[in-house]
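One structure is given here, and the rest of the page talks about it.
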Amino acid sequence: MTKAMAQNHVDGVGAMYDLHTDLFAEVLGGSMHVGYWSGAEDARPLAAASAHMTGLVAERLALTPGQQVLDVGCGNGKPAVQVAADHGVHVTGITVSAYQVRLARERPYPADRPGQVSFQLADATKLPDDDASFDSAYAIESLLHMDDKDAALGQLARVLRPGARLVIADFCLDALVGERDAQLIAHMREIFRISAIPTMDDYSMRLRRAGFTVLDLTDVRENVRRTYDLVAQGFRQTVGQLDGELAAQLAGSATVIDQIGAVQPLGYLLITAVRQ
Ligand code: SAH
C-alpha cells in the first residue's frame, strides 16, 4: 500500500465518524463500543453495559491517581471522562475525526471529581507525543480501523514508558471462518470501514514484536453478544426519523448487524499488555 492510499483510508475513517458519530453513539448507549454483560441474569441496559465495558478496561490498566493515560481512538470522549473521573488520572484522547475532537472538548467534566481530560486530532500510526510520555494507554475498538496495526503498536511502545500497561478491547476472528460468515464479516467491514480483523494469536504476535509482554488475553464474545441485537434495533428505530439514502443504508446495516450476532467465529478480546 502506498502512503497516499494509507492516508486515504485514515481520512475515510475520519469522514465516517464526522458524519455518523451521533448516530453510532445514540444506538450504542453514549459511547461507541459494545456492552459487557456478566451473564444471562445480568439485565442492565446497553448504556450501563457499555459503561461497564469501559470500567473493565480501566480496571485492567491498574491506574494510580495523577498518571498520564492515552486513549487511542477516543470517540466522543465519553470513555475518557469516565476513566479520568473514576481514577483521578489525566486522559489524553486522540481521534482522526475533527468533529469528535470538538464534541469531546465540549463534554462537561464532573466538577466534583479529580482527574482531567484533553483531546487532539492525531493518527495513532504517527503519534506526535514524546517518547515514554504516558504511564498507560488503552484502545477500545480503534485498532480495528487501522490498516497498519504494527505501526500503531510501534508508536504506542514508543510513547509508553517501560512497565506501562496497554489495554485493548477489540474484535478478533477465529482462524476458521465458513463462507457465509466470511461474507457477513466482509459486509460489516465495508459498512464500518474496518480493516482486517486479527486472530487472537495474531494480536499476541504483533504485541510481542512491538515490545510488549502479553499479561492476559480473554475472549469475552459471549459477554458482548447482546450488543448486536440491540444495535440492530436501534438502527431500525432511527430509520423512521431519516430520509432517503441514509435511511436505506441504515436499514441494510441493521440486517447485517442482526446476522453478525449469530456469527460464532467473531470474537471479542480484552488484552492486557505491558511495555517491556
Ligand atoms: N474508543 C471510543 C470510540 C470507538 S470508535 C469508544 O469506545 O467510544 C473508533 C475510534 O477510533 C474513533 O474515534 C476513530 O476516530 C478512531 N480511530 C480510527 N482510526 C484511527 C487512527 N488511525 N488514529 C487515531 N484514532 C483512530
(message) If I go through segment 223-254 residue by residue, how many of them are β-branched (V, I, T), under 22 Å from the mean Cα position of the chain (by Cα) and open to solvent by 10 Å² or more (accessible area, probe 1.4 Å)?
(response) 1
(request) Output the residues belonging to segment 76-91 that are out of contact with any helix residue (DSSP H, G or I) (no Cβ under 6 Å at 6 or more places or on another chain), within 14 Å of the ligand (Cβ to nearest atom) and open to solvent by 10 Å² or more (accessible area, probe 1.4 Å). (result) K78, V81
(request) Output the qualifying pairs, or none if there are none: Cβ atoms under 8 angstrom, residues six or more apart or on different chains, first residue in segment 183-202 and part of a loop (DSSP other than H, G, I, E, B), second residue aliphatic (A, V, I, L, M) and open to solvent by 70 Å² or more (accessible area, probe 1.4 Å). (result) T199/A175
(request) Examine segment 204-222 for a residue that is more than 21 Å from A139 (Cβ to Cβ) and open to solvent by 20 Å² or more (accessible area, probe 1.4 Å), and state whether such a residue exists. (result) yes
(message) Scan segment 170-182 and tell me whether some residue there is closer than 24 Å to L217 by Cβ, surrounded by 19 or more Cβ atoms within 10 Å (Cβ to Cβ) and within 14 Å of the ligand (Cβ to nearest atom).
(response) yes
(message) Give all pairs with beta carbons closer than 6 Å in which a residue from segment 139-160 that is at pLDDT 95 or above meets a residue that is of a type in the set (V, I, T) and open to solvent by 20 Å² or more (accessible area, probe 1.4 Å); count only pairs at least 6 apart in sequence or on separate chains.
(response) D148/T125; A151/T125; A152/T125
(request) Only strands (runs of 3 or more DSSP E) wholly contained in segment 52-156 count here; list those with 1 or more residues that are in contact with a Gly (Cβ under 7 Å, 6 or more places away or on another chain) and within 16 Å of L166 (Cβ to Cβ). (result) 68-72, 90-95, 134-140
(message) Could you check segment 126-155 and list, in sequence order, the residues that are more than 11 Å from the ligand (Cβ to nearest atom) and within 23 Å of E59 (Cα to Cα)?
(response) A132, S133, F134, D135, S136, A137, L153
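The values are calculated or read from the model by the stated rules, or taken from the named source; none is laboratory data. Not measured: the values here are computed from a predicted model. Virtual Cβ from ideal backbone geometry, glycine too; neighbours counted across all protein chains shown. Remember, those area values only see protein heavy atoms, side chains included, never the ligands or the DNA or RNA. Shrake-Rupley method; radii C 1.70, N 1.55, O 1.52, S 1.80 Å.
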